[in-house]
Amino acid sequence: MSSQPEFGPQLPEPGVPVIRNVNWGGLRTLYIKEVRRFFKVQLQTIWAPAISQLLLMVVFTTALGARGAVHLGGTEVPFAAFIAPGLVVMGMLNNAFANSSFSLLVGKIQGTIVDYLMPPLSTAELLAAMVGGAVTRAFMVGGTVWLAMLLYLGAEAIPVQPWAVLWFGLLGSVLLSFLGVLTSIWAEKFDHSAAVTNFVVAPLALLSGTFYSVERLAPAFQVVSHANPFFYIISGFRYGFLGVADSPILVGSLVILALDVVLGFLCYALLRRGWKIKN
């Protein structure tokens with residue numbers, strides 16, 4: 001006779017998986033947790049970056065005055081319109097990294113890492129939820145910064161190629177999200193995460209052509225700039241607003257997409273192995 005009860009829910013046989021393929025419920029729950037975590041302090045995580053980026057815009061445009069202009073792709077572009085897209089995407093990249101680099105690190109420090117490891121989630125589902133939460137924060141920050149720029153610049157802040165804005169914003173946010181996950185896996189204290197921010201993310205962002213055109217640099221420095229992945233993100237994102245760029249859009253898209261794939265596989269491999277998490 002069968003050991004299953006005649007009435008009520010039917011229990012699976014021992015060894016038969018209950019959740020098959022993708023655990024959509026668990027994935028959605030972890031994603032919502034990641035979003036709620038930064039949204040509870042939205043004044044700090046969303047609105048503060050908009051104010052800081054707007055202040056940078058005011059300072060630079062005031063310092064140069066109305067005469068400021070940048071030659072980009074054979075076209076003269078007002079300086080304010082030139083740096084606005086860079087400030088928007090810089091806010092997105094910094095916050096994508098900040099969100100994903102905090103997730104596992106705070107769990108390791110507070111001893112709550114088991115909350116990420118015990119639920120019935122696969123490695124891919126865990127990674128997708130953390131990256132999804134970071135990308136969501138990046139786009140919220142980007143939208144807020146863009147609205148601030150729109151109030152300050154008016155029609156100059158309206159994109160002419162919206163697909164490029166969304167595409168390069170997504171590629172860049174995913175790239176920094178994966179980098180943040182790698183940092184949270186490797187780091188053992190907040191000083192380690194701050195070191196990556198100060199000595200890797202910040203220099204790459206500031207030396208990527210956000211505040212100047214790479215075309216005006218000496219040839220040797222142009223080569224160095226083209227080795228910076230942030231350069232392709234900002235160049236493609238700026239193309240979405242101005243319709244001109246200082247690098248081929250297709251090349252930049254392929255470079256960032258390839259880096260996303262490589263970092264994604266690296267994050268997956270380290271999470272699956274449990275390096276510096278389970279031991």
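Only the coordinates and a few stated rules stand behind these numbers; no lab work does. Source: prediction; values computed, not measured. Cβ sites come from the backbone with ideal geometry, for glycine too, and all protein chains shown count toward neighbours.
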Mind grabbing the base-10 log of I(q)/I(0) for the chain at q = 0.15, 0.16 Å⁻¹? Debye formula, identical points on the C-alpha positions, no solvent, two decimal places.
-> -1.10, -1.21
Report the FRET efficiency, 1/(1 + (r/R0)^6), for residue 22 and residue 166, where r is their Cβ-Cβ distance and R0 is 22 Å, rounded to 0.05.
-> 0.35
Under a plain spin-label model, where a point goes 7 Å from the Cα along Cα-to-Cβ, how far apart in nm are residue 273 and residue 109?
-> 2.5
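Where Lys and Arg each count +1 and Asp and Glu each count -1, what net charge lies around residue 185 among other residues with Cβ under 12 Å from its Cβ? Spell out each step's value before the answer.
Details: positive: 108, 272, 273, 276, 278; negative: 188.
Around residue 185, the surrounding residues sum to +4.
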Whole-Hz ³J(HN,Hα) from phi, Karplus 6.51 cos²θ - 1.76 cosθ + 1.60, for segment 34-39, glycine and proline x = 5, 6, 5, 4, 8, 6
Where does each of 224-237, 86-99, 193-206, 160-173 land if you order them by average Cβ count within 10 Å, highest first?
-> 86-99, 224-237, 160-173, 193-206
Compute the distance in nm between two label points, each set 7 Å from the Cα along the Cα-to-Cβ direction, one at residue 124 and one at residue 216.
-> 4.7
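Just the ratio, please: alpha-carbon radius of gyration of segment 15-134 over 2.2 N^0.38 Å, N its number of residues.
On the way: Rg = 20.7 Å, N = 120, 2.2 N^0.38 = 13.6 Å.
So the Cα radius of gyration is 1.53 times the expected 2.2 N^0.38 Å.
Residue 270: net charge of surrounding residues, Cβ under 12 Å, Lys/Arg +1, Asp/Glu -1, itself excluded?
On the way: positive: 272, 273, 276, 278; negative: none.
Local charge sum for residue 270: +4.
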Collect residues whose amide H, placed 1.01 Å from N in the peptide plane, falls under 5 Å from the amide H of residue 69; neighbours closer than 5 in sequence don't count.
-> 79
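Can you tell me how much longer the chain between residue 200 and residue 41 gets when fully stretched, taken as 0.36 nm per residue apart minus their C-alpha distance, in nm with one decimal?
On the way: separation 159, 0.36 × 159 = 57.24 nm, distance 2.58 nm.
Between residue 200 and residue 41, full extension yields 54.7 nm more.
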J(HN,Hα) series, segment 205-210, from Karplus relation 6.51 cos²θ - 1.76 cosθ + 1.60, nearest Hz, glycine and proline x | 5, 6, 9, 9, x, 5
For the modelled label position 7 Å from the Cα of residue 224 along Cα-to-Cβ, which residues of segment 183-205 have backbone nitrogen atoms closer than 17 Å?
-> 199-205
Efficiency of FRET from Cβ geometry, residue 52 and residue 188, R₀ 30 Å, rounded to 0.05 | 0.55
